[in-house]
Amino acid sequence: MEQTLTGKVAVVTGAGRGLGFGIARGLAQAGAYVCITDIVEDELSQAAQEIADDGGEVLPIVADVGIYKQMESVVERVVAQWDRLDALVNNAGRIHFVSFTETSPALWQNTIDVNLTGVYNGVKAVWEQMIRQGGGHCVTIASGASVRGFVDEVSYCAAKHGIEGFTKALAMEGEPFNIAVNTMGPGKLIKPTGITRAKAAALSPEEKAAWVDPLTLAPAFVWLFSQVPGRFSGQRFDAGPVADAVLAEGYNFEFTPEKVTLYIDEFVERLNQRKSWTTLPGK
Ligand SMILES: NC(=O)c1ccc[n+]([C@@H]2O[C@H](COP(=O)([O-])OP(=O)(O)OC[C@H]3O[C@@H](n4cnc5c(N)ncnc54)[C@H](O)[C@@H]3O)[C@@H](O)[C@H]2O)c1
């Protein structure tokens, strides 16, 4: 992978395995200093070791995205180590497949805490630092459940839809500070959420072949973080098509909405809406 993020600093939450690990590994391979967080300590250690084995500079921190103080401490430690924080990937997620009838208040609360409040906590913790340093990127992992409903996923769909509203509104407030706020879906089939490293390793070759290695999606994040934050904000990207565009044309691929999202009409509508932001009071 080309070294396009040399000297940049990124935090990826929930990066002990799965998509978050693939993103973090790819960012490190592109030259970024990477802080990875998770609540599962042994998987986090394995992830850090593999990134270090690639030659990456990595800081693993056990932290729960649902607890604001822990995210605040992550940001403090990152800035103490590398003086800045250019990109936050809100990747940590949790899904309970359960009917609404069986969704207890505790289960609802846990899903919202991790998937939605976790995003607020991460972004809130980095916000002042990004303002101080003159800008940055915040991106949250989207899903089909961000835009459509699925049976047995009421709380997860509510959280993922909520992230889109959070992103659209906060992008407007981030604009004067040069902070981009976007979401990015995987855009290709990856192993289902919740499967541990051990379980994933034990899968049959046929099962493994059905899913892409998340590392192959990392170029989408490298590309996004290589853009000046003012170029795209309030958008919903998909990593699969972006990574394909990078593979076909390189990081300076000629932009069209088709190359960066599976939801083209929505993307174009948000691009058009953004034109009105400049008429907001105070701008
Ligand atoms: N797998 C899919 O098909 C798919 C599809 C669309 C979107 N996503 C999204 O991708 C993201 C990553 O999911 P994945 O599929 O790689 O799942 P995964 O279960 O493999 O990884 C999620 C990671 O988040 C960590 N985590 C869970 N709760 C946490 C908390 N409170 N604080 C910190 N870390 C926590 C887990 O320990 C795990 O390491 C999620 O946001 C998920 O919603 C996944």
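Table: residues versus (1) touching a strand residue (DSSP E or B) at 6+ places or on another chain (Cβ under 7 Å); (2) surrounded by 17 or more Cβ atoms within 10 Å (Cβ to Cβ).
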position	(1), (2)
W223	no, yes
P241	no, yes
E258	no, no
T261	yes, yes
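Given the condition farther than 30 Å from E249 by Cβ and under 20 Å from the mean Cα position of the chain (by Cα), answer yes or no: does some residue in segment 23-31 qualify? Scanning segment 23-31 turns up no residue that is farther than 30 Å from E249 by Cβ and under 20 Å from the mean Cα position of the chain (by Cα). When F166, F97 are screened for being away from the ligand (no atom under 11 Å from the Cβ), on the phi < 0 side of the Ramachandran plot, in contact with an Asp or Glu (Cβ under 8 Å, 6 or more places away or on another chain) and open to solvent by 30 Å² or more (accessible area, probe 1.4 Å), only F97 passes. Considering segment 27-81, and only residues there that are assigned to a loop (DSSP other than H, G, I, E, B) and away from the ligand (no atom under 12 Å from the Cβ), the residue that is surrounded by the fewest Cβ atoms within 10 Å (Cβ to Cβ) turns out to be G55. Within segment 1-17, which residues are open to solvent by less than 20 Å² (accessible area, probe 1.4 Å) and either more than 19 Å from E72 (Cα to Cα) or not small (G, A, S) (or both)? Within segment 1-17, L5, V9, V11, V12, T13, G16 qualify.
Quick grid of which residues meet (1) assigned to a helix (DSSP H, G or I); (2) away from the ligand (no atom under 15 Å from the Cβ); (3) in contact (Cβ under 8 Å) with a residue 60 or more places away in the chain:
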site	(1), (2), (3)
V139	no, no, yes
Y156	yes, no, yes
A159	yes, no, no
P192	no, no, no
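Just one residue in the set T196, T216, T183, T256 is away from the ligand (no atom under 12 Å from the Cβ) and in contact (Cβ under 8 Å) with a residue 24 or more places away in the chain; that residue is T216.
If you go through segment 100-111 and keep only what is assigned to a helix (DSSP H, G or I) and surrounded by fewer than 17 Cβ atoms within 10 Å (Cβ to Cβ), you end up with P105, A106, L107, Q109, N110. Each residue in segment 112-126 was checked for being open to solvent by less than 40 Å² (accessible area, probe 1.4 Å) and more than 10 Å from the ligand (Cβ to nearest atom), and 4 of them qualify.
The values are calculated or read from the model by the stated rules, or taken from the named source; none is laboratory data. Quick caveat: nothing in here was measured; it's all calculated off a predicted structure. Reconstructed Cβ throughout: ideal geometry from the backbone, glycine too, with neighbour counts over all protein chains shown. We work out accessible area using only protein heavy atoms, side chains counted, and drop any ligands, DNA or RNA first. Shrake-Rupley method; radii C 1.70, N 1.55, O 1.52, S 1.80 Å.
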